[in-house]
Structure formats: C-alpha cells, structure tokens
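The values are calculated or read from the model by the stated rules, or taken from the named source; none is laboratory data. Quantities reported herein were computed from a predicted structural model and do not represent experimental measurements. Cβ sites come from the backbone with ideal geometry, for glycine too, and all protein chains shown count toward neighbours.
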Amino acid sequence: MRKTCGYLAAFVFVAVIATQAQVGRVRNRPRDESVEQANLAAKQQYVLASPDTTTCTYSFSGGTGNKFISYCVTVNGNIVSFQSPAGHEYLATAPIGEGYSVCDFGSGTQYFDYAGYGSSGWQPATKVSSSATSVKIARTTTDGLYTLTQTIALNAGQSLAQITMALKNNDTKVHDVGLIRYADVDANGSTSNSFDYTNRTAFGYTPELDGYGLEMIYVSNSANVFPNGFFSQDIPGGPSCQIFTHVLGPLQSTDGSIFGEADMPSLAQKASGTLVSQYKSF
C-alpha cells in the first residue's frame with residue numbers, strides 16, 4: 001500500500017512539473033505579428049474625430065524595481081503612457097486611447113476626448129496647478145454647459161495614478177448626465193489582451209507575454225454621483241453614451257478596452273459631482 005502511494009505521489013509530482021513547464025511555454029510564447037498588424041489597422045475604424053493631442057506634457061515617476069511607475073499626461077488631461085514596472089507599457093500603442101467623456105442624457109450630446117481616437121465638444125484646456133506629483137486641469141464644453149476639472153496625482157508608495165474628475169453644471173437648469181473614464185489597454189505593447197471586470201474594477205492583461213496588466217479601480221464618489229460600474233469592451237475605441245453596446249467579459253486574445261461610468265441624474269444648477277478612480281499595474 002505504501003509503495004502504491006509512493007508511485008502515485010511521484011506521478012502527481014511529475015505531472016505538476018510538466019504542467020508548470022507547459023504554462024511557462026504558453027506564457028512566454030511570442031506574439032503573432034500578423035495579428036498585431038491586423039489589429040493596428042482595425043483600430044482606425046474607431047477613430048471618431050480628429051484628436052486634439054496625444055503629446056506628453058506632464059511627466060510623473062517614482063519608485064524602483066517592481067514598484068517603479070511612470071506615466072505622462074497631455075495638456076487636456078489624457079494619460080498617454082503608463083509604465084509599471086519599468087519596460088512594461090500599457091497605453092502607448094497608436095492610436096493611443098485614454099480619456100474621458102460627458103454624456104448629456106437630456107439632449108443626447110456626448111462630449112469626449114479619447115486622445116488618439118478623437119475629441120469633440122471641448123474648449124481648450126487650462127492648467128489650474130501642477131507639481132512634481134500632480135496636475136490639475138480644467139476644461140469647459142464648447143456650449144459652456146459643463147466644466148470638467150481633473151486632478152491626476154501620483155501615489156509612488158502604492159505605484160498608482162489617482163484620477164479625480166469633478167464635473168460642474170454651469171447652467172441654471174438641472175441636468176441628467178453621465179461621466180466616463182476610458183482606456184485602450186495594450187499591455188506590453190500587444191494589441192491582443194485578455195479582459196474582464198467586476199463591479200469596481202476593469203482590467204486588461206497579456207497572459208502569454210509574462211502576464212502583465214493594467215486595471216482601472218473605483219475609489220469613491222460624491223453623494224450626488226451614482227457609479228454604474230467598471231467594464232471591459234470587445235473594441236479598442238471609446239464607449240458611446242449607450243455604454244453597454246460593446247461591454248463583454250471575460251475576453252481572450254482581443255483588442256479591447258476598459259472604462260468606468262457614473263450617473264448624475266439630477267446634477268443641480270451650479271453644482272458639481274465627483275468620481276475618483278485609479279490606474280495600477282498588476
């Protein structure tokens with residue numbers, strides 16, 4: 001009986017080692033360049049308008065080794081590069097997709113800036129303040145109805161970027177609006193990623209390229225804001241105001257994206273609503 005158990009244990013041990021070796025081979029399998037080129041070409045169909053800019057203006061970095069983080073923000077408040085740890089990039093594959101959107105559900109108007117995927121409905125942005133660890137940027141819609149103020153702050157100790165979006169209703173009327181944060185995740189520069197989401201987190205990663213990924217995490221909101229959730233999409237482009245059109249997960253080998261959305265069904269005149277989220281690698 002003891003010999004049988006010994007043989008069984010030896011068999012299980014060998015099987016586990018073989019399985020681990022197989023996982024290692026899959027995880028480190030080189031990406032298919034023909035698929036990459038096809039995905040890069042297909043991204044163009046989701047460019048909604050001419051982009052304002054994808055140029056890096058405000059750079060932030062901190063930490064070392066596994067806790068290193070580096071990201072860059074445009075004058076408009078888009079994050080166009082995100083590395084953590086060093087050498088592992090998640091956003092900088094053109095057309096770079098990261099940014100924000102405001103949905104006016106009463107008029108059906110969408111104001112968006114999705115970086116390389118286009119921008120519409122915004123006046124030029126204004127820098128409110130900046131430091132070595134944060135930048136605060138305000139931007140008003142072309143019709144003057146809303147002002148979005150973003151504070152993007154480095155938390156080097158936790159290797160993350162925290163984004164506070166405060167939307168103000170400049171009108172004398174109550175409005176029903178939605179607020180979106182979005183990112184086209186191309187982990188390790190690969191357009192083929194796995195995606196999934198929970199109620200509070202959405203993420204994309206490359207299980208076949210050493211298993212690095214980027215997640216968008218819900219943090220908090222003001223009392224007049226109602227988070228709808230954080231989601232993954234089966235397209236790389238930014239969401240419309242019909243936010244569930246492309247929501248899907250889990251996904252594998254997909255050029256997808258992630259976003260979070262919150263509703264402000266009764267944003268009072270001259271009032272503001274706030275949504276806070278974070279980007280962190282895993």
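Determine, yes or no, whether residue 272 is over 18 Å from residue 99 (Cβ atoms), at pLDDT 95 or above and touching a Lys or Arg at 6+ places or on another chain (Cβ under 7 Å).
Working: over 18 Å from residue 99 (Cβ atoms): yes; at pLDDT 95 or above: yes; touching a Lys or Arg at 6+ places or on another chain (Cβ under 7 Å): yes.
Criteria met by residue 272.
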Among the residues of segment 176-196, count how many are part of a loop (DSSP other than H, G, I, E, B) and either in contact with a strand residue (DSSP E or B) (Cβ under 6 Å, 6 or more places away or on another chain) or of a type in the set (Lys, Arg) (or both).
-> 4
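What number of residues within segment 236-246 satisfy the criterion of being under 22 Å from residue 93 (Cα atoms) and either without any contact (Cβ under 8 Å) to a residue 24 or more places away in the chain or buried (at least 20 other Cβ atoms within 10 Å of the Cβ) (or both)? Steps first, please.
Kept after step one, since they are under 22 Å from residue 93 (Cα atoms), are these residues of segment 236-246: 236-240, 246.
Retained after the next criterion (residues that are either without any contact (Cβ under 8 Å) to a residue 24 or more places away in the chain or buried (at least 20 other Cβ atoms within 10 Å of the Cβ) (or both)): 236-239, 246.
The qualifying residues number 5.
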Residues of segment 98-118 being within 18 Å of residue 258 (Cα to Cα) and among the small types (Gly, Ala, Ser), which ones?
-> 99, 101, 115, 116, 118
Segment 109-133 residues that are under 23 Å from residue 91 (Cα atoms) and in contact (Cβ under 8 Å) with a residue 12 or more places away in the chain, paired with ones that are part of a helix (DSSP H, G or I) and not acidic (Asp, Glu) (beta carbon under 7 Å, 6 or more apart) = 117/46
Search result, residues across segment 161-175 that are touching a Phe, Trp or Tyr at 6+ places or on another chain (Cβ under 9 Å) and either under 13 Å from residue 111 (Cβ atoms) or assigned to a strand (DSSP E or B) (or both) = 161, 162, 163, 165, 167, 168, 169, 170, 175
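Residues checked against (1) buried (at least 20 other Cβ atoms within 10 Å of the Cβ); (2) in contact with a Leu (Cβ under 6 Å, 6 or more places away or on another chain):
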| site | (1), (2) |
| --- | --- |
| 207 | no, no |
| 231 | yes, no |
| 267 | yes, no |
| 271 | no, no |
| 275 | yes, yes |
| 280 | yes, yes |
Strands (runs of 3 or more DSSP E) wholly in segment 27-121 with at least 1 residues that are closer than 25 Å to residue 253 by Cβ and under 14 Å from the mean Cα position of the chain (by Cα) - which ones?
-> 79-83, 98-104
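Filter segment 206-232 for residues that are part of a strand (DSSP E or B), touching a Phe, Trp or Tyr at 6+ places or on another chain (Cβ under 7 Å) and not hydroxyl-bearing (Ser, Thr, Tyr) and give the result. Quick ask: steps written out before the conclusion?
Filtering segment 206-232 for residues part of a strand (DSSP E or B) gives 206, 212-221, 226-232.
When the remaining residues are screened for being touching a Phe, Trp or Tyr at 6+ places or on another chain (Cβ under 7 Å), the result is 206, 212-216, 218, 227, 230-232.
The answer is 213, 214, 215, 216, 227, 230, 231.
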